[in-house]
1. For residues in the range B:25-66 being surrounded by fewer than 16 Cβ atoms within 10 Å (Cβ to Cβ) and hydroxyl-bearing (S, T, Y), which is modelled with the highest pLDDT?
2. Sort out which residues of the range A:234-249 are part of a helix (DSSP H, G or I) and either crowded, with 23+ Cβ neighbours inside 10 Å or aromatic (F, W, Y) (or both), and write them in order of number.
3. Across the range B:5-22, what is the total count of residues that are within 14 Å of another protein chain (Cβ to nearest Cβ) and in a helix (DSSP H, G or I)?
4. Please determine whether any residue of the range A:389-401 is assigned to a helix (DSSP H, G or I), over 30 Å from A:A291 (Cα atoms) and of a type in the set (S, T, N, Q).
5. When the range A:270-312 is examined, which residues are found to be aliphatic (A, V, I, L, M) and in contact with a helix residue (DSSP H, G or I) (Cβ under 8 Å, 6 or more places away or on another chain)?
6. Would you check which residues across the range A:288-345 are surrounded by fewer than 13 Cβ atoms within 10 Å (Cβ to Cβ), within 14 Å of chain B (Cβ to nearest Cβ) and assigned to a helix (DSSP H, G or I) and list them?
7. Would you confirm, using the coordinates I've provided, whether B:V69 is in contact with a strand residue (DSSP E or B) (Cβ under 6 Å, 6 or more places away or on another chain), exposed (fewer than 15 other Cβ atoms within 10 Å of the Cβ) and more than 14 Å from chain A (Cβ to nearest Cβ)?
8. Within the range A:215-227, track down each residue that is touching an Asp or Glu at 6+ places or on another chain (Cβ under 9 Å) and part of a loop (DSSP other than H, G, I, E, B).
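The values are calculated or read from the model by the stated rules, or taken from the named source; none is laboratory data. The model shown is predicted, which means the values in this text are computed figures rather than measured ones. Cβ placement follows ideal geometry from the backbone for every residue including glycine, while neighbour counts extend to all protein chains displayed.
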Amino acid sequence: MSQLDILLLILRVAFAAFVPLCFIAVCVWMERRGAGFIQDRSGPNRANIFGFRAGGLVQNLADAIKLITKEDVIPGHIKQKFYFVLAPVIVFTIALISFAAVPFADALIINGKQYLMQGIPTDLGILWFLALAGFGVYGIILAGWSSHNKYGVLGGLRAAAQVISYEIPMGLAIVSALIVYGTVNLTEIAQFQGQLLFGFIPMWGVILQPIGAIIFIIAAFAETNRTPFDLAEGESELVAGFHVEYSSMKFGMFFMGEYVAMFTSSALIVTLYFGGFQIPWFSTETLVNFARPISVLLMVLMPAFAKLFTFWISKNNKSQYERVDDPRVREANVYIKGIWGLVAALEIVLFIYLITVSGGVADRILVTILQIITFLVKTTLMCFVYVWVRWTLPRFRYDQLQKLGWQTLLPLSLLNIFVTSAIVVALG
Amino acid sequence: MSGKIRIMERKGKDLYERLYLIEVFKGMVVTLGHFITNLLDNSKLLVRHYPEVKPEIPVRWRGRHRLTVHEDGTMKCVACFMCQTNCPAKCIMIEAGERIDGRTEKMPVKFNIDLLECIYCGYCVEACPMEAIRMDTGIFSVTGSEREPFVIGLEELLATKGAFTEEEYKKGGA
């Protein structure tokens, strides 16, 4: 192993480990502020450090400090303390490592050697996810059972039944997607989606497999225990469901696990059906070949976006009532300066890139960075869909949930497989 | 008991609604509309920025109690125990004593209201023959970190001023 190998290994593992963790904060923030905006209220926006509220992101820090310093109670009636502690660990770790097989950029070719941009550079791809996704629910069942609490057990049972019902349509939706892509390797699947259909439509999974995409997204919602399928923690009938006996950071682990699972399944939905890291109409090779014009284009576009963004900040980051020397305006001015500083720094970096190292390896690294950004933007948007659905739809009743799973999604996904295979065979 | 029976039409049985996805998308468009409007301009949020912007309290609203005084500064209360007798929460504790300012025979030497017991029903105000106790202070937020300060005494009750003029109070209250 050369030094480059080791460096890339560390970088990729660090990305796969820390990005989901960072996205917990982003998702929680998006959930709470998004819920606020959807319901015409403002959401948490007061917590600050020296007056800097970062749009409410600081609230996460306050919540984390609260959860960490709270008393960690293990109720006296719990016999199986080991499993009780193990349960949140399972939920969190499984969610975190199932992201490892998702590619966040196209394979990076340096000196003729190919580096898969995944946490674990494996060909298992979707099988890795399928193997682990079902395992995450063991944590929930274990939590419900070891809580020795009727609500906990009910929540765990519901989660188990739900995962059994929705794993099947999910698997079948993946089968029909695999018929189209012809591979289980997620990097190859994403590369496949870089092609163009009829020469002008990006060949995304959602266009080739619309029904499969819908089934997969619904099943992924059920798999992550998110509304409208969050019966396992239905607070109206089960108090808090499987995590009713958990407090402090053990509850925090469930909470974080939920958001990591949400991020992972968003990343997977994006990879399977929304082109993964592909920028629409710009395949990796096109990007590499036109790296110079694209970086010039970036240098033009960045200030324009920064202008819009700073305009939005100065419009919205101010007090809505009379206030002497409004601190929020001062705060906004600091943000605006920071954004322009960042833009200037990036412009300088791109300029140096253009006049010195462009062509060769630097182009490929630039393209990789662009693809990582695209992937993260797409995943964030998918996470927003999760939040959006949560604050729109009411929870399913239990029989409705099972009916939808077995009587609608299962036949539909089977039909989808037949239709897809027929078309694939017919087109040769 | 023969009421008129009305049979409600069951919704959600036709194919269009049972497809569910279309209705889901319609609902999601509504919520997205709210989200986008508020994201682009957060002055459209339907919130009161509370600690800084206080709500407007109407005259008839029952806030924390106060004891009123005559023009010459002597208290109106004659310690008749009407409010204490009438209080459903038994939060008023009066101790009567001899009057020293010469208006009548009696006046309270102790007038304690336990705000943790009080249910803010306003029966004491209605029972008072002298219009001595009123709930027109407009104080809606009664907070503290200990139990003791919640029992307010004669001095505090007399010191609290009403939030409205006599004219407004008569118009709204009577």
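1. B:T37
2. The answer is A:G241, A:F242, A:H243.
3. Of the residues in the range B:5-22, 5 are within 14 Å of another protein chain (Cβ to nearest Cβ) and in a helix (DSSP H, G or I).
4. At the first step, the residues of the range A:389-401 found to be assigned to a helix (DSSP H, G or I) are A:389-390, A:398-401.
Next, from what is left, pick out any that are over 30 Å from A:A291 (Cα atoms): A:389-390, A:398-401.
Within this subset, residues satisfying the condition of being of a type in the set (S, T, N, Q) are A:400.
There is at least one residue in the range A:389-401 that is assigned to a helix (DSSP H, G or I), over 30 Å from A:A291 (Cα atoms) and of a type in the set (S, T, N, Q).
5. A:V270, A:L272, A:I279, A:L287, A:V288, A:A291, A:I294, A:V296, A:L298, A:M299, A:M302, A:A306
6. A:L308, A:F311
7. Details: in contact with a strand residue (DSSP E or B) (Cβ under 6 Å, 6 or more places away or on another chain): yes; exposed (fewer than 15 other Cβ atoms within 10 Å of the Cβ): yes; more than 14 Å from chain A (Cβ to nearest Cβ): yes.
Judged against the criteria, B:V69 is a match.
8. Result: A:T224, A:N225, A:R226.
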